[in-house]
Each structure stands twice: as C-alpha cells, then as structure tokens.
Amino acid sequence: MSWKHALERKDGPSALIFSRQNLQHQARDAQQIADISRGGYVLKDCAGEPELILIATGSEVGLAVQAFDKLTEQGRKVRVVSMPCTSVFDAQDAAYKQSVLPLEVGARIAIEAAHADFWYKYVGLEGRVIGMTTYGESAPASALFEEFGFTVENILGTAEELLED
C-alpha cells in the first residue's frame, strides 16, 4: 500500500508512523505482526512458563529486550510483552489476555516513560512500574532516562528484587 493510498483509505485504519528517535528495530515474526492489532503481544519468550514478565511500549521496548537478553543469560525465564495499545488489548477475550499475561505470573515490570500509575492494572500489587511520577522535566532524553531509571541496570535491579521475594 502506498502512502497516498493509506491516506485515502476509507475501509479501515491506516497510519504513517515516523519516529525522530533512534530506536532499535525489533524483529517480529508473522504471528507477532498479526498480534500487533490485538493491542499487546508476546515479543520475546522463554521455554515454559516465565518467572518474570516485562511489559513495555514505544521506545521502552528496546530496553525491555536488552534486559530480557541479560536476564536470559543469567538463566532466568523471562517474557517481553509489547503493549502498543492498552485499550485494544483490554478489549480482547480472556483467553488471549491470559496467553499474553498469565495470571499465574505475578512478577511483572512495566516500563513506560509516561505516568506510572496507569500500569499497575497490568503488573498488580506485587509488580513494579518503571515510569514517571513527575511532569515537566526538560533535558536531553539520555540524561532524563538515566535520571528517572530508564536503564537496563535499573530494570535488572528491579527484576532481582522481585524474583527474591
């Protein structure tokens, strides 16, 4: 589909998405690409049931994947869930939501550079959210990410705390 056709499309949604951020491309298989339309999907997974689920959206997905790689190297069973649209994910049937975020896995970390409170509905009372609790900070993104804990090291430390309990 050309960009012109996408703009003129009347029989369904269309989008032209460009990022000014230097985001790392995440490889996806055909099923994952199809599941993007479900609002949330498993991007990286372990064999068997995970002991930890990392949930991320947007630019934070790359951080979650980096943490997944490190935790997997340490022998941890981890899943990364990409959640591009929470309202669409919430509208899915219970079986699909359970296949992505199994209730049996309470160790969860949401990574989102927006307000933290929203994400507790996905991580529960036992989970953690690496997110913003303030508004209006101004600095280069790399400095802000470091300041507010959007780092692989912070995710690993948070995962360690969760998995010790």
Would you tally the residues in segment 26-47 being exposed (fewer than 14 other Cβ atoms within 10 Å of the Cβ) and modelled with pLDDT of 95 or more? 1
Qualifying positions in segment 69-88 - in a helix (DSSP H, G or I), closer than 20 Å to residue 103 by Cα and either among the charged types (D, E, K, R) or out of contact with any helix residue (DSSP H, G or I) (no Cβ under 9 Å at 6 or more places or on another chain) (or both): 87
Being surrounded by fewer than 22 Cβ atoms within 10 Å (Cβ to Cβ) and β-branched (Val, Ile, Thr) is the filter here; which residues of segment 48-71 pass it? 57, 65
From the option list 61, 100, 78, single residue qualifying as in contact with a strand residue (DSSP E or B) (Cβ under 8 Å, 6 or more places away or on another chain), modelled with pLDDT of 95 or more and farther than 15 Å from residue 158 by Cα is 100
Positions within segment 103-135 being open to solvent by 70 Å² or more (accessible area, probe 1.4 Å), closer than 21 Å to residue 152 by Cβ and modelled with pLDDT under 90, in sequence order: 133
Sole exception among (1) of a type in the set (Ser, Thr, Tyr); (2) modelled with pLDDT under 90; (3) open to solvent by less than 80 Å² (accessible area, probe 1.4 Å); (4) part of a helix (DSSP H, G or I) for residue 142, by number: (3)
Restricting segment 84-97 to residues that are modelled with pLDDT under 95 and buried (at least 16 other Cβ atoms within 10 Å of the Cβ), which is farthest from residue 126 (Cα to Cα)? 84
Provide a single number: the residues in segment 24-47 that are within 16 Å of residue 99 (Cβ to Cβ) and assigned to a loop (DSSP other than H, G, I, E, B). 6
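The values are calculated or read from the model by the stated rules, or taken from the named source; none is laboratory data. In this text, all values refer to a predicted model and were calculated from it rather than measured experimentally. Note that we place each Cβ from the backbone using ideal geometry, even for glycine, and neighbour counts take in every protein chain shown. When the accessible area is computed, the model is the full protein with side chains, heavy atoms only, and any ligands, DNA or RNA have been set aside. Shrake-Rupley method; radii C 1.70, N 1.55, O 1.52, S 1.80 Å.
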